[in-house]
Every structure is written in structure tokens, then in C-alpha cells.
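Chemist: Quick one: structure below, then a few questions.
The values are calculated or read from the model by the stated rules, or taken from the named source; none is laboratory data. Keep in mind the model is a prediction, meaning the values are calculated, not measured. Here the Cβ positions follow ideal geometry from the backbone for every residue, glycine too, while neighbour counts run over all protein chains shown. Side chains included, ligands, DNA and RNA excluded: accessible areas come from the protein's heavy atoms. Shrake-Rupley method; radii C 1.70, N 1.55, O 1.52, S 1.80 Å.
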Amino acid sequence: MFSRIIKIPIIFEVKKKAFKELDSILKANHLSYEEKILFTSQELFDLYKTYIPVETFSDVIFIKGGNVEEVESVKSKYEHHNVLLIAFGGGSIIDFVKLYSRELCLQYISVPSSLSNDAIYSPIARLTKNGKKESFGVLEPLGIIADIEIIQKSPLKMLLAGVGDLVSNLSAIKDWYLAESYDSEVLDIFSVSLSIVTAKAIFAYTREQLRSEEFVEVLTYGLVLSGLSMIIANSSRPASGAEHLMSHAIDELFPDRATLHGIQVAWAMLYIEKNIRKNDDAYESLLCFFEKIGLYAEIENDIQFSETELKRIIAKAKIMRKRFTVLNII
Ligand SMILES: [Zn+2]
């Protein structure tokens, strides 16, 4: 019998006070390390001190996150291999630890402080190098520990950005189908189904439920399974299409006006449905959901581009990377 082997994290915990239980979670999974090092920011450490198992760490390293030069500056610190890294923070801190762990061949656990994108489990890290954002292929984490109480306290805007990043899977999958028919790209239906189902699950929720335990659980599952769809595909294809290219183009062309990744991809997805795919039904249902959950207000508040700027964004998005999307057929 032939089958494919998929590597998944050993640990996946989503519950209240999960971070405090780090040691018992490791023990239950028969894992032990000489040292555990916490990477986080000073602000998050101060804010969530009571939720962090401070006594278990042999060192706490405060970082800003999100840039390669900072990874280089702390690189030589832990070169022996019986060390477990814990990344506690948002996308920039987790992406920092992903790259750091790749450079030193160390294992890491993601502990998200918010859910603004699928960085918690995606095999990609986006960091700034010489002032420009770049994507790096990285190893998947040993585990993901999502403490619901911590995530419930994160800003609503972060949760909404997470919703945007998850829902953008639907646009990415449309592009994958286009790439299959126009460019003979091979589609992975396991990956496609996981990506679509996780994105659609979030449409059931409203703004009033954003801090509920159930919503946080579903968003965490969605973003992690979205990461799994990328691991299965061995590519970011199922979660990154033209809307991601447009978001990356904004980061590059208008860095001072860039906002959260999840909000940018949600905006780009709306733009694409209305103006490029010209799919009125998809646009209306998306707009209706974004309004219901409060994401549209964030988009309106953060993103305004003139027609000329939009042309530049689309032209740049087309050449951002070699990926066939709807932008290739306009
Ligand atoms: Zn994304």
C-alpha cells in the first residue's frame, strides 16, 4: 500500500492556562531538555507575566522580532542541541524564532500571544532583510501551545487580521485551480479541502463572539490547519495567491502605509473579487461577512490607494514571485 507521510507537530494544545502547563505538557509527551529558552518582547513579558511559567526558563531573551539582522546578533548564543526554544508573541517574534531555530538546528514551540496570521504553523517566515521583507523556508514547530486566556486579551484588530488571513485561503485556492488549468500546475486535493473547510468555518461568527472561547478555538484550529495544508502541499499555494502578492507589493512599495498582513490580504481579496474576477456573488458574501465581523471597518480605516497606486501595486504583485494567479490573465 502506498501512502504519503506528513510531519505534524508532536504537541498541539488549545486551552485556558496552557502556557503555565508547559512542563507537564512536555512530560506527557516524554520530552525533556537541558535548557528551555524563552524568546519574547519586554512588553509581552510584562503584560502576561502571570500566564508565563517564568521559573522553567534558564534564560529569557527579549527581542523585537521580524528582522534577520537581529537573528544574526543573537545567533551564537545557544549552539548546543539540548535546548528547546519557546517563541511567545505575534508573527514577528514567532518568525524570528523560526529562522533562528533553522540557523542553529534547534527545536521550537510556538506560543501565540495573538492570532493575526498563520505564522504559528506555516513553513514560511517573513522577515525584513536590509530593510526589505523576504520569505524564508523554515522547519515546522515541535509544538503549538495556544493559551486561550492570553489570546482573548489580544487586541480585536489582531483577531480580525487572523480572520482575514484565514479567509484569504478561498482566494488562494481559486488561483491554484487557475494555475492547474492554465499552467498545468499539480493540485493537491487534500491540501485544497483542508484550506477551504478551515476558511469557511469562520464565516459562522460575528463581532460579538470575537473574544469568546469558541471563536478563539476555531480561529486557532483554522490557522493551524491552514498551516498543515501548506505542509501537505509542500508550498504556501493553498494559503497564498494573488491577494498575498498584492499585500507583499504594498509592503515593498508603500512600507509606511502598510498595515497588518491579514488586513491587507482581506482588502486585496475583496478588490480581486470585485474588479478582477468580477464575481459579484463572491464579493457580496465576502463583504457581508467582513461587515458582520468588523473586519471591513479596519480595512476602510487602514487602506486607501488611488487608481494610479493600485496600478503600481498590481504591476508589482505580478512580478513579486513566480506564481500563477488571476493577475496573470488580466
Ligand atoms: Zn498570510
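Chemist: Report the Cα centroid-to-centroid distance between the stretch 98-160 and the stretch 240-255 in angstrom, as an integer.
Modeler: A separation of 19 Å, based on Cα centres.
Chemist: Does the chain classify as rounded, prolate or oblate by the C-alpha gyration tensor (a ≥ b ≥ c root eigenvalues; a/c under 1.5 gives rounded; else a/b over b/c gives prolate, otherwise oblate)?
Modeler: prolate
Chemist: Might you report the magnitude of the Cβ-based charge dipole of the chain about its Cα centre, with Lys and Arg at +1 and Asp and Glu at -1, to the nearest 20 debye? Don't skip to the answer; put the middle values down first.
Modeler: Numbers: 37 positive and 44 negative charges, 94 e Å.
Once rounded to the nearest 20, the dipole reads 460 debye.
Chemist: In addition: Provide the net charge surrounding Leu260, with neighbours chosen by a C-beta distance below 10 Å and charges set as Lys +1, Arg +1, Asp -1, Glu -1.
Modeler: For residues surrounding Leu260, the net value is -2.
Chemist: Can you tell me the mean projection area, over all orientations, of the convex hull of the stretch 156-329's alpha carbons? Units nm², please.
Modeler: Its Cα hull, projected and averaged over all orientations, spans 9.3 nm².
Chemist: Also, quick follow-up: About the Cα centre of the stretch 11-147, how large is the charge dipole given +1 on each Lys and Arg Cβ and -1 on each Asp and Glu Cβ? Please answer in debye to the nearest 20.
Modeler: Values: 16 positive and 19 negative charges, 59 e Å.
About 280 debye.
Chemist: Leu287 to Lys15: FRET efficiency via 1/(1 + (r/R0)^6), r the Cβ-Cβ distance, R0 41 Å, to the nearest 0.05?
Modeler: Details: r = 34 Å, r/R0 = 0.83.
Calculated value: 0.75.
Chemist: Loop-only chymotrypsin sites (Phe, Trp or Tyr not before Pro) in the stretch 1-88, please: DSSP not H, G, I, E or B, and at most 12 other Cβ atoms within 10 Å.
Modeler: For chymotrypsin sites (Phe, Trp or Tyr not before Pro) across the stretch 1-88 that sit outside H, G, I, E and B with at most 12 neighbouring Cβ atoms in 10 Å, the list reads Phe2.
Chemist: Here's something else I'd like to know. Can you bin the stretch 192-239 into rounded, prolate or oblate? Criterion: square roots of the alpha carbon gyration tensor eigenvalues sorted a ≥ b ≥ c, rounded for a/c under 1.5, prolate for a/b above b/c, oblate for the rest. Could you put the intermediate results ahead of the total?
Modeler: Numbers: a/c = 3.49, a/b = 2.36, b/c = 1.48.
Since a/c reaches 1.5 and a/b is larger than b/c, the shape of the stretch 192-239 is classed as prolate.
Chemist: A follow-up question, please. When a/c reaches 1.5 or more, the comparison of a/b and b/c decides; with that in mind, is the stretch 33-102 rounded, prolate or oblate per its Cα gyration tensor?
Modeler: oblate
Chemist: A further question follows. Measuring from centroid to centroid over Cα atoms, what is the spacing of the stretch 169-200 and the stretch 14-86 in Å?
Modeler: 35 Å
Chemist: Which value, in debye to the nearest 20, gives the size of the charge dipole of the stretch 156-329 about its Cα centre, when Lys and Arg are +1 and Asp and Glu are -1 at the Cβ?
Modeler: The calculated dipole for the stretch 156-329 is roughly 420 debye.
Chemist: Right, here's the next one. Considering only the other residues whose Cβ falls under 15 Å of the Cβ of Asn234, what net charge follows from Lys and Arg at +1 and Asp and Glu at -1? List each step's numbers first, then the result.
Modeler: Working: positive: Arg4, Lys7, Arg237, Arg323; negative: Glu140, Glu185, Asp188.
Net charge in that neighbourhood comes out at +1.
Chemist: Let me ask you something else. What is the chain's relative contact order, in percent, from Cα pairs under 8 angstrom and six or more apart in sequence? Can you show the working numbers first?
Modeler: On the way: 589 pairs, mean separation 55.2, N = 330.
Worked out over the chain, it gives 17 percent.
Chemist: Taking only the C-alpha atoms, wrap a convex hull around the stretch 11-147 and report its volume per residue in Å³ as a whole number.
Modeler: On the way: hull volume 13.6 nm³, N = 137.
Hull volume normalised by residue count: 100 Å³.
Chemist: Using a 1.4 Å probe, what is the accessible area per residue for the stretch 179-224, in Å²?
Modeler: Heavy-atom accessible area per residue stands at 52 Å².
Chemist: Put Trp267, Trp176 in order of accessible area, largest first, 1.4 Å probe: what do you get? Can you show the working numbers first?
Modeler: Numbers: Trp267 30, Trp176 10 Å².
If we order Trp267, Trp176 from most to least accessible, we get Trp267, Trp176.
Chemist: If you roll a 1.4 angstrom probe over the protein chains with everything in place, what fraction of the accessible area of the chain belongs to carbon and sulfur, to the nearest %?
Modeler: Using a 1.4 Å probe with all protein chains present, the chain comes out at 52 percent carbon and sulfur.
Chemist: Additional query: Could you please put Thr308, Thr128, Thr198 in sequence from largest to smallest accessible area, using a 1.4 Å probe?
Modeler: Numbers: Thr308 100, Thr128 35, Thr198 15 Å².
Greatest to least solvent exposure: Thr308, Thr128, Thr198.
Chemist: Next question, about the same structure. Within 15 Å, Cβ to Cβ, of Glu43, how many net charges do the neighbouring residues add up to if Lys/Arg are +1 and Asp/Glu are -1?
Modeler: Net of charged neighbours comes to +2.
Chemist: Can you pull the accessible area of Tyr100 for me, 1.4 Å probe, Å² to the nearest 10?
Modeler: The accessible area comes out at roughly 0 Å².
Chemist: Using only the heavy atoms of the protein chains and a 1.4 Å probe, how would Ser240, Ser285 rank by accessible area, largest first?
Modeler: On the way: Ser240 10, Ser285 65 Å².
Output order, biggest surface exposure first: Ser285, Ser240.
Chemist: OK, next. What distance in nm lies between label points placed 7 Å from Cα along the C-beta direction at Tyr177 and Leu139?
Modeler: In this crude label model, Tyr177 to Leu139 measures out at 3.8 nm.
Chemist: Please sort by residue number the GluC sites (Glu not before Pro) in the stretch 136-185 whose DSSP state is loop and whose Cβ has at most 11 other Cβ atoms within 10 Å.
Modeler: none
Chemist: With a point put 7 Å past each Cα toward its Cβ, work out how far Glu208 is from Asn275 in nm, to one decimal.
Modeler: In this crude label model, Glu208 to Asn275 measures out at 3.5 nm.
Chemist: Compute the relative contact order of the stretch 11-147 as a whole-number percentage, counting only Cα pairs closer than 8 Å that sit 6 or more residues apart in sequence.
Modeler: 28 percent
Chemist: Taking the simple approach of a point 7 Å from Cα along Cα-to-Cβ for both Ser3 and Asp46, what is their distance in nm?
Modeler: Spacing of the two 7 Å Cα→Cβ label points: 5.1 nm.
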